[in-house]
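Visitor: My structure is below; once you've seen it, I'll send some questions.
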Amino acid sequence: MKKMLMRLISLLGIIIFLLTTASAYALTLSEEEIKVIVRDVIKENPKLIHDTVVKYAREQKKKQQEEKQKRVLEESFKNRIEDDISDDCPAKGPADAPITIIEYTDFQCSYCAKGAKTLDQVMQRYPDKVRVVFKNNPLSFHKQALPAAKAALAADRQGKFWEYHDLLFKNSSKLNEEIFTGFARDLGLDMERFEKDRNSEQIATQIQSEQAHAAKHKLTGTPAFLVDGVAIKGAYPAEYFARVIDRLLKDDEVANQ
């Protein structure tokens, strides 16, 4: 890319020289002759010019996205969100972990499935420092998301939430009633209790409450995460979470000195 850019700069430099210098040669050129030179340069090097311009445009777009991402993150650090955690929320990781990640998700969302895998990577990277708390935010246009959320919380009542959670996300594109009951049987759940729990008012109310919290905090899309109150909206890679976590840990370390 650097060689291509240097070649293009050289070509453009010749053109600029012809257009701007007061050399005897330049002064003898008519406007039409200059146009011919420029046209010939472009005609003889179309791929070089095209590839260089496209690559430059992509780099500029990436730079703009990174700058926007940085501004959004700084705003999230500046306006950290306080969110309630109920005892009914499934959680994993040390209870005394210095970092708590609250995850708002939808079992029928492919990006949420990706986000769940990312959190597994984050927990492997910070085994003693991160606790994950799960909250439901089934989106209205995902017709199987709400039944899936109810089934997952029913599995939680029998100590099998994370196993059920993983099965749902592995099959997020084909969720249906047969799958919900099939997973429960595969995990050895008490089916009578499972059916009672997933149709209970208690679980329905819990999901509604979690959705209300998501709306209150303007976490309307899924997945969305609160990393010690720092909002991350979307399925960002593990490295992005690591950047946030490392900064939070460093801030805590400085504050405790």
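The values are calculated or read from the model by the stated rules, or taken from the named source; none is laboratory data. Worth saying up front: this structure is predicted, and the values here are computed from it rather than measured. Neighbour counts run over all protein chains shown; Cβ positions are idealised from the backbone, glycine included. Each accessible area value is taken on the protein alone, full model and side chains, heavy atoms only, with ligands, DNA and RNA left out. Shrake-Rupley method; radii C 1.70, N 1.55, O 1.52, S 1.80 Å.
Visitor: Tell me the accessible surface of Ser173 in square angstrom (1.4 angstrom probe, heavy atoms of protein chains only), to the nearest ten.
Guide: Around 120 Å² of this residue is reachable by solvent.
Visitor: What FRET efficiency comes out for the pair Arg80/Lys174, r = Cβ-Cβ distance, R0 = 41 Å, nearest 0.05?
Guide: Numbers: r = 38 Å, r/R0 = 0.92.
The calculated FRET efficiency here is 0.65.
Visitor: Could you work out the relative contact order of segment 161-257, using alpha carbon pairs under 8 angstrom and six or more residues apart, expressed as a whole percent?
Guide: Details: 31 pairs, mean separation 11.5, N = 97.
This gives 12 percent for segment 161-257.
Visitor: List the aspartates and glutamates whose Cα lies under 18 Å from the Cα of Lys174, skipping any in the same chain that are fewer than 8 positions away.
Guide: The reachable aspartates and glutamates, counting only those whose Cα sits under 18 Å from Lys174, are Asp106, Glu163, Asp166, Asp186.
Visitor: What number in nm² do you get for segment 168-221 if you take the convex hull of its Cα atoms and divide its surface by four? Provide the component values of the computation, followed by the final result.
Guide: On the way: hull surface 19.0 nm².
Result: 4.7 nm².
Visitor: Roughly how many nanometres apart are two label points built 7 Å out from the Cα toward the Cβ at Glu163 and Val54?
Guide: 5.1
Visitor: Turning to a different aspect of this structure: May I ask you to give the percent of accessible area on segment 212-257 that is carbon plus sulfur, with a probe radius of 1.4 Å? Before the final figure, lay out the partial values.
Guide: Working: 1200 of 2400 Å².
Carbon-and-sulfur percentage of accessible area, whole number: 50.
Visitor: What nm value, rounded to one decimal, do you get for the distance between Lys43 and Thr181 when each label is placed 7 Å out toward the C-beta?
Guide: Result for the modelled spin labels: 7.5 nm.
Visitor: Which aspartates and glutamates have a Cα less than 15 Å from the Cα of Lys129, not counting those fewer than 8 places away in the same chain?
Guide: Result set, ordered by chain and number: Asp96, Asp120, Asp228, Asp246, Asp251, Asp252, Glu253.
Visitor: While we're here: Give me the accessible area per residue for segment 88-213, probe 1.4 Å, as a whole number in Å².
Guide: On the way: 6000 Å² over 126 residues.
Using a 1.4 Å probe on heavy atoms only, each residue of segment 88-213 averages 48 Å².
Visitor: Then there is this: His142: accessible area at probe 1.4 Å, nearest 10 Å²?
Guide: The accessible area of His142 comes to roughly 40 Å².
Visitor: Relative to the present Cα-Cα distance, how much length would full extension add between Gln64 and Lys114 at 0.36 nm per residue of separation? Walk me through the intermediate numbers first.
Guide: Values: separation 50, 0.36 × 50 = 18.00 nm, distance 2.46 nm.
Net length gain for the segment: 15.5 nm.
Visitor: Right, something else. Once amide H atoms are built 1.01 Å from N in the peptide plane, which residues 5 or more positions from Ala224, or in another chain, come under 5 Å H to H?
Guide: Tyr104, Gly234
Visitor: Of the cross-linked pairs Lys78/Lys114; Lys70/Lys250; Lys63/Lys250, which ones have a Cα-Cα span greater than 22 Å in the structure shown? Intermediate values should be presented prior to the final figure.
Guide: Details: Lys78/Lys114 27 Å; Lys70/Lys250 18 Å; Lys63/Lys250 26 Å.
Cα-Cα > 22 Å for Lys78/Lys114; Lys63/Lys250; rest within.
Visitor: To continue, here is another question. Which ³J(HN,Hα) values, rounded to whole Hz and listed in residue order, are derived for segment 200-216 from phi using the Karplus coefficients 6.51, -1.76 and 1.60 in 6.51 cos²θ - 1.76 cosθ + 1.60 with θ = phi - 60°, glycine and proline given as x?
Guide: So the Karplus estimates, Gly and Pro as x, are 7, 5, 4, 5, 4, 5, 4, 5, 4, 5, 5, 5, 5, 5, 4, 5, 4 Hz.
Visitor: If the reach is capped at under 18 angstrom between alpha carbons, list the lysines near Lys35, excluding any in the same chain fewer than eight residues apart.
Guide: Counting by Cα, and skipping residues close in sequence, Lys35 has these lysines nearby: Lys43.
Visitor: Using 0.36 nm per residue of separation minus the Cα-Cα distance, give me the extension gain between Thr220 and Arg247 in nm, one decimal. Intermediate values should be presented prior to the final figure.
Guide: Details: separation 27, 0.36 × 27 = 9.72 nm, distance 2.57 nm.
Full extension from Thr220 to Arg247 adds 7.2 nm.
Visitor: How high is the FRET efficiency from Thr205 to Lys143, r the C-beta distance, R0 22 Å, rounded to 0.05? Display every interim value, and only then the final one.
Guide: Details: r = 21 Å, r/R0 = 0.94.
Computed FRET efficiency for Thr205 and Lys143: 0.60.
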